Amino acid sequence: MAARDETPPARLLEALYAGVADVAAWNRFLLAFADHMGASRAVLLLTRAGEDRPREILSPGSDRRRAALYVDRYFATDPFVGLPQTRVVSFGEFLSRRAAGEIRAIRAYLSETVGSQILGVDIAPAPGLVARVRVARLLGLPDFGGRERARMEAMVPHLAIALRGLALTMRRDAECAILRDALAASGQGTLVIDRDRRIMVSDGIADALIARRAGLSASNPRLRLATAAADRQLGAYLDAAPGDGDEAGCTLLVDPAGDDAPIAVVVRPIRPAMPVWTSDRDLLLLRVRDPSRRSRFDAAALRGPLPLTSAEAAVTAAMANGETLREAASRLGITYNTARAHLRAIFAKTGTTRQAELLALVQTLVPARQPAATDRRHAQR
C-alpha cells in the first residue's frame, strides 16, 4: 500500500523529464524533489571512480561558498559513497556499520556539511559513471521516516531512465566535440542544407569560406557553388527524388577564382530517426575541404608512434587529412571492403572504436605539416 500511495506525482515526473540534458531543468527538478521529500535540499552529483573532483554537482538552493568548500575539501573524503546500486540507503543505516572512532570522524565531517539526516541512492547510468542522488535535512530537523524512503524508492526507476538519457547526451556531446576538433584540424567545414538549398546549420570553417566567397556563397540563405558546372551538379542531385538506400551522395570539385585553392564538397543524405527541424524535407550534410587550412599527415610519420602496417598507415593518414574511407580506398587503389578491414585493424591496434577518436589520437601523437604555398594551386597545373 505504501509504495502505491507514494507513486510520484505527475508534476514531479514532468519536471524530471522536462530536459534530461538541460542543467536548468535538472535544477528545477531537484528543487521540486526536495519539496516532495520534505528535505532541505536535493543534490545530484556525477563522478567517475578514482576522480578527486566531481564531473558535475547540482545543488540548487545551497550556499555557493559551502558547495565550493564541499568540492574542494570534502568530496574526496565523503564517507557516504559506494551505496548498493539503485537501493535507497539512509545515513543511519550506513552509520550503524561503522566503528566508533570512524563515527566520530564522520559526525565531525557532517557538522560542517549537510547534517546527519540524509537519504541517498547511487545509480550507474553508463559504464564508469556514477550518479549520487542525495536528499538532506539540516541539523535540528527530524530524521527521514518510512514515508520519505518509499517516496524516494518510487522515484528510483524514473531517475535511472533520466540519468541514462543524460549520460548518453554527455557521451554524444563529447564525441561531437572530438569530431569537431578533428574536422577543424583537417580543414573540413560542415553544413546542413535542405533540398531547396536552405542552410540549416553551418560551422566556422564553412562560414569563413562563404564570407570570403571562396567557392561558396549564400543568399537568403541559399547555398551556391562558385563553379557553374559544380553548381549545376549540386542542383541535379538536389532535384533528384531520394531513393531508398541512397547513401553514396556525390563529390563536387569547386575551383574558385583568384588565389584560393580548389575545394571539394562532399554531399551526403541525412536520414534522422526523428525530425530535428520543423521542415520535413530531406536534409543533406555537406563537408567542405579548405586545403589552405588543412594540415597534412604523412603515412610514414604515423608508423613511428603507432603500430601500423604501411597500408594501415596510408588509410589512417588519408582519414586524418580529411578523406572519407571510400575516398581513401579509391585514391589508394584498394577496394572499399579492404579499406574497412584496414580500419578494423587500425581500431584494434590503437585502442580506438570510432573515427573521431582515431583522428584525435593522430593529431595528439603526430605533428602535421601545413601545406606549402607552392601546393595551393597544384590542382590547376
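The values are calculated or read from the model by the stated rules, or taken from the named source; none is laboratory data. In this text, all values refer to a predicted model and were calculated from it rather than measured experimentally. So basically every Cβ, Gly included, is an ideal-geometry build from the backbone, and we count neighbours across all protein chains shown. Accessible surface areas use protein heavy atoms only, side chains included; no ligands, DNA or RNA. Shrake-Rupley method; radii C 1.70, N 1.55, O 1.52, S 1.80 Å.
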Restricting attention to region 363-376, and to residues there that are farther than 21 Å from residue 265 by Cα and surrounded by 13 or more Cβ atoms within 10 Å (Cβ to Cβ), which single residue is modelled with the highest pLDDT?
-> 365
Close pairs from region 14-42: first assigned to a strand (DSSP E or B), partner among the basic types (Lys, Arg), Cβ under 9 Å, at least 6 apart | 41/134; 41/137; 42/134
The condition of being open to solvent by less than 40 Å² (accessible area, probe 1.4 Å) and modelled with pLDDT of 90 or more holds, among 8, 54, only for 8
Residue 202: over 15 Å from residue 266 (Cα atoms), out of contact with any Gly (no Cβ under 7 Å at 6 or more places or on another chain) and either at pLDDT 85 or above or not basic (Lys, Arg) (or both), yes or no?
-> no
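Residue-wise test of (1) within 12 Å of residue 302 (Cβ to Cβ); (2) not in a loop (DSSP other than H, G, I, E, B).
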| position | (1), (2) |
| --- | --- |
| 317 | yes, yes |
| 344 | no, yes |
| 348 | no, yes |
| 352 | no, no |
Taking residue 326 and the conditions (1) modelled with pLDDT of 75 or more; (2) open to solvent by less than 40 Å² (accessible area, probe 1.4 Å); (3) not in a loop (DSSP other than H, G, I, E, B), which numbered condition does it fall short on, given that it satisfies the others?
-> (2)
List the number of the failed condition for residue 312; all other conditions in (1) assigned to a helix (DSSP H, G or I); (2) at pLDDT below 85; (3) under 28 Å from the mean Cα position of the chain (by Cα) hold.
-> (2)
Considering region 214-257 alone, what residues qualify as being at pLDDT 80 or above, among the polar types (S, T, N, Q) and part of a loop (DSSP other than H, G, I, E, B)?
-> 227
Would you pick out the residues in region 329-362 that are hydroxyl-bearing (Ser, Thr, Tyr) and open to solvent by less than 30 Å² (accessible area, probe 1.4 Å)?
-> 350, 352
Determine if region 98-113 includes at least one residue that is modelled with pLDDT of 85 or more, under 20 Å from residue 58 (Cα atoms) and buried (at least 16 other Cβ atoms within 10 Å of the Cβ).
-> no
Neighbours by Cβ (under 8 Å, 6+ apart or cross-chain): first from region 152-172, over 12 Å from residue 19 (Cα atoms) and in contact (Cβ under 8 Å) with a residue 60 or more places away in the chain; second in a helix (DSSP H, G or I) and open to solvent by 10 Å² or more (accessible area, probe 1.4 Å) = 153/3; 154/3; 158/13
Failed condition for residue 88, given (1) more than 21 Å from residue 166 (Cα to Cα); (2) crowded, with 17+ Cβ neighbours inside 10 Å; (3) of a type outside the set (Phe, Trp, Tyr), with all others met?
-> (1)
Hey, can you tell me all the residues within region 41-64 that are under 15 Å from residue 133 (Cβ atoms) and of a type in the set (Gly, Ala, Ser)?
-> 42, 59, 62
Unique match (being open to solvent by 70 Å² or more (accessible area, probe 1.4 Å), farther than 30 Å from residue 358 by Cβ and either part of a loop (DSSP other than H, G, I, E, B) or modelled with pLDDT of 80 or more (or both)) among 196, 280 | 280
Tally of residues being among the charged types (D, E, K, R) and within 17 Å of residue 361 (Cα to Cα) across region 332-349 = 2
Is it true that some residue in region 170-188 is open to solvent by less than 70 Å² (accessible area, probe 1.4 Å), in a loop (DSSP other than H, G, I, E, B) and at pLDDT below 80?
-> yes
Within region 18-35, count every residue that is more than 19 Å from residue 122 (Cα to Cα), modelled with pLDDT of 90 or more and of a type outside the set (A, V, I, L, M).
-> 2
